[in-house]
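Comments concern the structure below.
The values are calculated or read from the model by the stated rules, or taken from the named source; none is laboratory data. Keep in mind the model is a prediction, meaning the values are calculated, not measured. Don't worry about glycine lacking a Cβ; one is built from the backbone with ideal geometry, like all the others, and counts go over all protein chains shown. Calculation scope for accessible area: heavy atoms of the full protein, side chains included, ligands and nucleic acids excluded. Shrake-Rupley method; radii C 1.70, N 1.55, O 1.52, S 1.80 Å.
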Amino acid sequence: MAPTDAGSPPVPESSGGLVAIVWGGGKDTTAAHESLAQWDAEKRLLGELVTFAPGFPKIVSSATVPGLNPGFEIVLLGFCPRDEGQDERAYIKALYPSTYEKPVKGGQSACPTWVGKKIKAVKLQQTVKGKGFTLSVVGLAMPAEPEASDLTFTPVPVRWLSVVARDNAGALLGVYSRKDEYSYVGGSRAVGCRTEVKSASKDTVVLERTCNGSSGACDTDPGERWRVTVRWNGKAFIPEEKLLAKWEAKNCAE
């Protein structure tokens with residue numbers, strides 16, 4: 001059984017304003033433990049991108065945190081100063097729309113952070129409603145390319161894309177994910193793929209994926225462009241790929 005801090009006293013107040021990041025909970029510890037179990041089942045959506053402060057997520061009694069309405073056992077993902085961890089918080093709330101924040105008067109900063117301290121930014125969030133379900137398209141990218149001199153021939157994730165299906169009650173039904181990586185080959189040249197969202201409607205999300213490959217001392221590298229149509233059939237995501245274009249390297253040294 002997950003630990004609970006329901007009987008703990010209020011934590012010391014912070015000198016700055018904090019927000020509590022609330023995953024879920026209920027009127028009693030049974031509901032809170034069910035909510036925590038749901039988190040354990042869904043935390044895979046974050047992959048290895050976000051880390052939480054020691055001890056979080058955890059169950060607390062709302063009465064122990066000044067600013068929260070008493071009478072609930074809740075699952076907290078952390079406490080953040082209002083102006084810190086904004087990208088991380090936006091990403092969590094994009095993947096988990098039922099997560100909410102509430103200003104609190106007490107607590108110490110325990111804010112979720114990016115793994116590896118690399119700055120990333122939420123670039124995209126689209127939501128479309130189907131019959132009995134909702135699809136959310138969530139994108140995440142590094143705001144700037146890494147230093148090529150440090151990353152030559154080393155694959156580096158530069159973009160993450162997730163399409164998440166939930167039922168009308170917010171329960172997770174399925175997820176489709178793509179990760180783009182680049183290997184840098186001197187200067188600004190990069191080998192790898194980029195995935196962009198072209199459209200999202202009802203049960204279908206259309207992606208376009210462009211991949212370039214190294215061909216040695218060439219002015220133009222070979223590559224391919226694919227359309228990836230991702231459909232939700234009510235039980236699973238069904239991706240279909242179609243080759244749109246393919247090009248060979250040009251102006252290559254003999």
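Tell me which residues, restricted to segment 102-116, are more than 21 Å from the chain's Cα centre (by Cα) and either among the basic types (Lys, Arg) or outside any strand (DSSP E or B) (or both).
Listed by number, the residues that qualify are Lys105, Gly106, Gly107, Gln108, Ser109.
Of everything in segment 237-248 that's in contact with a Gly (Cβ under 8 Å, 6 or more places away or on another chain) and surrounded by 12 or more Cβ atoms within 10 Å (Cβ to Cβ), which residue is modelled with the highest pLDDT?
Phe237
Just to verify a result, which residue in segment 18-64, among those that are among the polar types (S, T, N, Q) and under 22 Å from Ser162 (Cβ atoms), is least open to solvent (accessible area, probe 1.4 Å)?
Among those that are among the polar types (S, T, N, Q) and under 22 Å from Ser162 (Cβ atoms), it is Ser35.
I'm checking my understanding of the structure. Among residues of segment 94-116 that are closer than 25 Å to Val175 by Cα, touching a strand residue (DSSP E or B) at 6+ places or on another chain (Cβ under 8 Å) and not hydrophobic (A, V, I, L, M, F, W, C), which one is most open to solvent (accessible area, probe 1.4 Å)?
Ranking the candidates gives Tyr100 first.
What are the residues in segment 77-116 that are in contact with a Cys (Cβ under 6 Å, 6 or more places away or on another chain) and among the hydrophobic types (A, V, I, L, M, F, W, C), if any?
Cys80, Cys111
Among (1) in contact with a helix residue (DSSP H, G or I) (Cβ under 7 Å, 6 or more places away or on another chain); (2) open to solvent by 20 Å² or more (accessible area, probe 1.4 Å), which single condition is Asp87 missing?
The failed condition is (1).
Determine the pairs where a residue that is within 28 Å of Asp167 (Cβ to Cβ), located within segment 200-212, has a partner that is modelled with pLDDT under 95 and small (Gly, Ala, Ser) with Cβ atoms under 6 Å apart, the partner being 6 or more residues away or on another chain.
Final answer for the pair search is Lys202/Gly130; Asp203/Gly130; Val206/Ser199.
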